[in-house]
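S.K.: Encoded as structure tokens, here's the structure I'll be asking about.
The values are calculated or read from the model by the stated rules, or taken from the named source; none is laboratory data. Bear in mind that the values here come from a model prediction, so they are computed numbers and not experimental data. All Cβ positions, glycine included, derive from the backbone under ideal geometry; neighbour counts span all protein chains shown.
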Amino acid sequence: MSGSLSVIGLGPGCASQLTPQATLALQSAQVLFGYGPYLDRVPVRAGQLRLGSDNRQEIDRARLALAQAAAGAQVAVVSGGDPGVFAMAAAVCEAIEHGPAAWRELDITIVPGITSMLAVAARVGAPLGHDFCALSLSDNLKPWAVVERRLEAAATAGFVIALYNPISRARPWQLDRAFDLLRAHLPPDTLVIFGRAVTRDDENVQVTTLTLAQGSAADMATCVIIGSAETRSIARENRSALVYTPRSMGESST
Ligand SMILES: C[S@@+](CC[C@H](N)C(=O)[O-])C[C@H]1O[C@@H](n2cnc3c(N)ncnc32)[C@H](O)[C@@H]1O
């Protein structure tokens, strides 16, 4: 049998948000590659080799996985959420683009997963109900000046903004800087959602306003959604408020 490579999205964390296609693809792999905590989510199968690595080693992991597939193995690379959103599918494509010609002939399948912003949005209502965009706040792979420019453009264009990779030990100030920048363009009562480890046992979801939002409310497992001027909250007795962005612009909030 010739080798193949699947890049599989595991969803945000809980088993019930793993797709049936992902489950089948995981079962048919001979070798699994991935960041250790993601591999830990995959049920162990006899005879399946698991090769974990650090989360900063994405391109090396992609090359190793492609080399194994080129040698004839059925290989799977696992990714949290969706593999095409700030994750391994692009790393695999980059490795193919710059790698040996034989890698272009491989059977490559990208298996989508539920990405974090969708899981976080679903917890509070429908904040992504109108136009939105997603940005990685990490300046590891792009200059910080680009992040600022894109944030400003998104806010002034009226997009709801989902921020991935909002903060880390090596990037402690960027999220507060982003909030400061957004305060210059958005109303003070703009809703901000901090969705941490959503669908996992240690999930924590908080809704606040742009005035009160602080970087310290987030960590590496948090996806932050910043509403647009249209995003609003419906108060409910004995239930948490529903946060949503109306499908049509200009709908009155009163
Ligand atoms: C490298 S990105 C990978 C994104 C992933 N491919 C996806 O589609 O969700 C990692 C970021 O995803 C977000 N994230 C991952 N899992 C999450 C979860 N269960 N709840 C909230 N945010 C999560 C956080 O912003 C984290 O910093």
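S.K.: Of the residues that make up segment 109-126, is at least one outside the structural domain of I193 (by TED's automatic domain parsing), at pLDDT 95 or above and farther than 20 Å from L18 by Cβ?
M.R.: No: zero hits.
Table: residues versus (1) over 18 Å from G84 (Cα atoms); (2) at pLDDT 95 or above.
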residue	(1), (2)
G9	no, yes
L18	no, yes
Q21	no, yes
L26	no, yes
Q30	yes, yes
G36	yes, no
A46	yes, no
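For every residue, the table says whether it meets (1) within 16 Å of the ligand (Cβ to nearest atom); (2) assigned to a strand (DSSP E or B); (3) surrounded by fewer than 15 Cβ atoms within 10 Å (Cβ to Cβ); (4) touching a residue at least 12 places away in the same chain (Cβ under 8 Å).
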position: V146; (1), (2), (3), (4): no, no, yes, no
position: A153; (1), (2), (3), (4): no, no, yes, no
position: L163; (1), (2), (3), (4): yes, yes, no, yes
position: L175; (1), (2), (3), (4): yes, no, no, yes
position: A178; (1), (2), (3), (4): yes, no, no, yes
position: L182; (1), (2), (3), (4): no, no, no, yes
position: H185; (1), (2), (3), (4): no, no, no, yes
position: P188; (1), (2), (3), (4): no, no, yes, yes
position: V192; (1), (2), (3), (4): yes, yes, no, yes
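S.K.: Between a residue in segment 63-88 that is more than 14 Å from G99 (Cβ to Cβ) and not assigned by TED's automatic domain parsing to the domain that holds L24 and any residue that is within 12 Å of the ligand (Cβ to nearest atom) and small (G, A, S), which pairs come within a Cβ distance under 6 Å, given they are 6 or more apart or on different chains?
M.R.: none
S.K.: Collect the residues in segment 211-254 that are β-branched (V, I, T) and either assigned to a strand (DSSP E or B) or touching a residue at least 24 places away in the same chain (Cβ under 8 Å) (or both), keeping them in residue-number order.
M.R.: T211, T222, V224, I225, I226, T231, I234, V243, T245
S.K.: Identify the residue in segment 17-36 that is touching a residue at least 12 places away in the same chain (Cβ under 8 Å) and part of a helix (DSSP H, G or I) and, among all such residues, is surrounded by the most Cβ atoms within 10 Å (Cβ to Cβ).
M.R.: Residue satisfying both the conditions and the ranking: A22.
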